[in-house]
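Have a look at the structure below, then the notes.
The values are calculated or read from the model by the stated rules, or taken from the named source; none is laboratory data. Please read these numbers as outputs of a predicted model, since none were measured by experiment. Neighbour counts are summed over all protein chains in view; Cβ atoms, including those assigned to glycine, are modelled from backbone coordinates with ideal geometry. Note: accessible area is taken over every heavy atom of the protein model, side chains too, but ligands, DNA and RNA are not part of it. Shrake-Rupley method; radii C 1.70, N 1.55, O 1.52, S 1.80 Å.
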Amino acid sequence: MSVRQKNNPLRNLNDCGCCQGLTLQTPLKIANRPGLTAIEYRVGTHSQFRQSMLARLSSSEYPALESLRTRQDDDFSVALLDAWATAADVLTFYQERIANESYLCTAVERSSLLELSRLVGYELNPGVAASTFLAFTIEEAPGAPDQATQETIINTGTKVQSVPGPNEDPQTFETVEEIKARPEWNKIKPRLTMQQPLNTNIKSVTVAGTGINLKQGDRLLIVAGKIDRKVRLITHVEPQEDSHTTHISMDGIKPVKIFTAKVPLLPGTVFSTSFKLTETKVKNQILGKTWESKNLFALAAIQNWSIQDLVKIFENLRSQKTAPGETGVFALRKRVSLFGYNAPRIMDYNGDGNPKTQDKWVSEWSPANESSDKLYLDNAYDEVLPGSYIAINKPGNQTSIHTIANVRTFPRTEYGISSKTTEITLSGKDPWWDPNKEGFSVIRGTAVDILSERLELAESPIEEQVHGNNVLLDKIDLNLKDGQTVILTGEPVDQPGVLKSEVMTIDTVAVEDGFTRLTFTKELANYIRKSVVINANVSRATHGETVSDVLGSGNAGQPYQKFLLRQSPLTFVSAPTPRGSESTLNVRVNDSQWHEVSSFFGRGSDDRIFTTRIDDDGKTTIQFGDGITGKRLPSGQENVRATYRKGM
């Protein structure tokens, strides 16, 4: 660069070449479209400020700087410009942040939102305490059933503390409603078994016990009515140790599972005809129908019945597992033959002493000594008893089933043989054969199944899932109410071994054939039936612990007196209010309750009111009136007290 004399001024800004490539870049033009979550407000950055100042060094507006001909970074003057560029960069950065904090849509600091809201008289909503449902387990009283079924009142404000996990703190919850709890509501189970359908064509049957001493090939007598009787051949016997039952299959190799058959029951209707509360009347008039709980209560009130007595009758009828009348399932323990089955055959000869036909035997004796309602067994069987069943299997697969009226044993001689026999007289002159039409071959070919032993029918398991919007319980419970909250816990069908809980609200309670059915207001997930447990001792609760504080002493000479709550944070709970929550703060002055308001504007001088403000650190300040808008506190010694809940 040539040295210029003072009398030879610069003709152009860049004659020296030191401003090559430098232009003014600041201030930048600012333009932000609406709806942005952050706005641009900086007029430049460090490099832009530095470049602009370097460009201005060669401006004709500053002739005093024309002697500064270096632009090197290590020059003191250039370094000073760089320092100012840094200062401008920092200032504009924070200026942009302040600008962003001045608008609700772009502010990110809580204090900014708080102050912006207060400009229009709005306070930020506090956090709302967590809410949950608590399932209580009521202690039972063994040996005292009356005491065990009595109600226990769980009051509002009952404290429950959580069991903390690793690196967690225990949390306190308090109930917000009063409930009535019962020990029998701790673990309500769905109905797991059902009465087996009994007919002569069933493919399988489940009986009580595992040591019934039956095997494949034995015979089972099914009696479903006076004329509906049949002997079935056992094809498979499977003891089930977990339920102490035995599953007997009569068709196929593997047992056939029994599923629930949904048979809709007619609804019960309230009637005014009076009758005495007996098992027979309940069985005929009430059992076998579906009764809504409220209708059953109405019927009991009209008939002047005791609900407890009605429930006991339902339970007694439900516990009667023995098949009615003569119906049932019987094991036929022994198969025998008739007297004379082994009588010797006699050869028929011609007049010359030779047999009429070679190898031709006379096979029939005269059955004239036999009776159509009696039969004689091939031996003495003292185990055969009157009233038991026998099955007579005649040739040609003809089977008839009879009831024994009388039994006696004695020696008998007939058909060329002598032995003890058991004479069986059939009930009601019930004929088992016609001696005048049927020959001796019936005696030889008939087998008799005796020693019938009744097997106690077990209720068959219900394999159906618990799903839909209802569940049938394993008992009757008339204490459950419509609208009551329960918690159902069980293993989902698609996640066996994993417990899941659902909070359900009872829509209706009904009594169906002596069992209670709960219908819910929403659908259940699909659960494995045997895993389901229902707890009806349920109360709604929210997080927070109740505390009581003496705030201080009132001073009638001080307007807008303030007090600070000693413990924080103040608990707010969900509520149907414009802000969606309400405070748990209760303030009393001289034992009189004062009420919280949003502001003092428009209030009277005698209004017992106060306002609250929550600081950024969560501390709550209570402020009272000035005697013009809101009443002043009366003077007193520690007469301002507060009860509230802390925690959120």
First in the stretch 404-415 and closer than 24 Å to Tyr389 by Cα and open to solvent by less than 60 Å² (accessible area, probe 1.4 Å), second anywhere and in a strand (DSSP E or B) and of a type in the set (D, E, K, R), Cβ under 9 Å, 6 or more apart: Val407/Glu423; Phe410/Lys420; Phe410/Glu423; Arg412/Lys420; Arg412/Glu423
Residue match in the stretch 558-565 (condition: under 17 Å from Pro126 (Cα atoms), of a type in the set (A, V, I, L, M, F, W, C), out of contact with any Gly (no Cβ under 8 Å at 6 or more places or on another chain) and touching a residue at least 60 places away in the same chain (Cβ under 8 Å)): yes
Residue tally, condition over 19 Å from Gly428 (Cβ atoms) and under 42 Å from the mean Cα position of the chain (by Cα), over the stretch 225-245: 12
Given (1) open to solvent by 50 Å² or more (accessible area, probe 1.4 Å); (2) in contact with a strand residue (DSSP E or B) (Cβ under 6 Å, 6 or more places away or on another chain); (3) under 17 Å from Glu123 (Cβ atoms), number of the condition Asp617 does not satisfy: (2)
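Answer yes if at least one residue in the stretch 81-90 is part of a loop (DSSP other than H, G, I, E, B), under 19 Å from Leu24 (Cα atoms) and touching a residue at least 40 places away in the same chain (Cβ under 8 Å), and no otherwise.
Residues of the stretch 81-90 part of a loop (DSSP other than H, G, I, E, B): none.
No, that holds for no residue.
Got a sec? Which strands (runs of 3 or more DSSP E) wholly within the stretch 365-454 have at least 1 residues that are within 59 Å of the chain's Cα centre (by Cα)? Step through it out loud before you land on a result.
Numbers: elements: 374-376, 389-394, 398-414, 417-426.
Filter on the stretch 365-454 gives 389-394, 398-414, 417-426.
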Residue that is least open to solvent (accessible area, probe 1.4 Å) [pool: residues in the stretch 432-456 that are in contact with a strand residue (DSSP E or B) (Cβ under 6 Å, 6 or more places away or on another chain) and of a type in the set (Asp, Glu)]: Asp449
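When the residues of the stretch 617-635 are filtered to those that are touching a Ser or Thr at 6+ places or on another chain (Cβ under 6 Å) and either of a type in the set (Phe, Trp, Tyr) or part of a loop (DSSP other than H, G, I, E, B) (or both), which remaining residue is modelled with the lowest pLDDT? If you could, list the steps in order and put the result at the bottom.
Let us first name the residues in the stretch 617-635 that are touching a Ser or Thr at 6+ places or on another chain (Cβ under 6 Å), namely 618-620, 622-623, 627-628.
Filter once more, so that each one left must be either of a type in the set (Phe, Trp, Tyr) or part of a loop (DSSP other than H, G, I, E, B) (or both): 618-619, 627-628.
Numbers: Gly618: 81, Lys619: 89, Gly627: 92, Ile628: 94.
Selected residue: Gly618.
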Residues within the stretch 184-229 that are outside any loop (DSSP other than H, G, I, E, B) and within 30 Å of Thr137 (Cβ to Cβ), tallied: 6
Residue list for the stretch 48-80, filter: open to solvent by 60 Å² or more (accessible area, probe 1.4 Å), modelled with pLDDT under 90 and in a helix (DSSP H, G or I): Arg56, Pro63, Ala64, Leu65, Phe76
For His595: the one exception among (1) in contact with a Leu (Cβ under 7 Å, 6 or more places away or on another chain); (2) open to solvent by 50 Å² or more (accessible area, probe 1.4 Å); (3) assigned to a strand (DSSP E or B); (4) within 20 Å of Asp626 (Cβ to Cβ): (1)
Test: residue in the stretch 127-139 that is in contact (Cβ under 8 Å) with a residue 60 or more places away in the chain, assigned to a loop (DSSP other than H, G, I, E, B) and farther than 30 Å from Ala541 by Cβ: no
Residue that is nearest to Arg603 (Cα to Cα), among those in the stretch 627-648 that are in contact with a Phe, Trp or Tyr (Cβ under 8 Å, 6 or more places away or on another chain) and open to solvent by 30 Å² or more (accessible area, probe 1.4 Å): Thr629
Search result, residues across the stretch 180-201 that are touching a residue at least 60 places away in the same chain (Cβ under 8 Å) and either open to solvent by 60 Å² or more (accessible area, probe 1.4 Å) or in contact with a Lys or Arg (Cβ under 9 Å, 6 or more places away or on another chain) (or both): Glu184, Lys187, Ile188, Lys189, Pro190, Arg191, Leu192, Gln195, Pro197
Yes/no for Val270 being among the β-branched types (Val, Ile, Thr), at pLDDT below 90, touching a His at 6+ places or on another chain (Cβ under 9 Å) and surrounded by 14 or more Cβ atoms within 10 Å (Cβ to Cβ): no
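Return the only residue of Arg588, Arg608 being of a type in the set (Lys, Arg), more than 44 Å from the chain's Cα centre (by Cα), open to solvent by 80 Å² or more (accessible area, probe 1.4 Å) and closer than 20 Å to Asn555 by Cα. Let's see the steps before the verdict.
On the way: Arg588 fails: more than 44 Å from the chain's Cα centre (by Cα).
Answer to the selection: Arg608.
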Members of the stretch 213-245 that are more than 22 Å from Ser400 (Cβ to Cβ), open to solvent by less than 60 Å² (accessible area, probe 1.4 Å) and modelled with pLDDT of 90 or more: Leu214, Thr235, His236, Val237
Residue that is most open to solvent (accessible area, probe 1.4 Å) [pool: residues in the stretch 273-303 that are in contact (Cβ under 8 Å) with a residue 12 or more places away in the chain and in a loop (DSSP other than H, G, I, E, B)]: Ser274
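Which one is modelled with the lowest pLDDT, of the residues in the stretch 494-522 that are farther than 15 Å from Ala536 by Cα and in contact with a Phe, Trp or Tyr (Cβ under 7 Å, 6 or more places away or on another chain)? Break it down into steps so the answer makes sense when it comes.
Narrowing the stretch 494-522 to residues farther than 15 Å from Ala536 by Cα: 494-500, 510-515, 521-522.
Next, only the ones that are in contact with a Phe, Trp or Tyr (Cβ under 7 Å, 6 or more places away or on another chain) stay: 510-511, 514.
Numbers: Ala510: 90, Val511: 89, Gly514: 84.
Here the answer is Gly514.
Look through the stretch 95-121, keep the residues that are polar (S, T, N, Q) and assigned to a helix (DSSP H, G or I), and return whichever of them is most open to solvent (accessible area, probe 1.4 Å). Give the steps one after another, and end with the answer.
Let us first name the residues in the stretch 95-121 that are polar (S, T, N, Q), namely 95, 100, 102, 106, 111-112, 117.
Going one step further and asking which of them are assigned to a helix (DSSP H, G or I), we end up with 95, 100, 111-112, 117.
Numbers: Gln95: 85, Asn100: 2, Ser111: 57, Ser112: 21, Ser117: 14 Å².
Top of the filtered list is Gln95.
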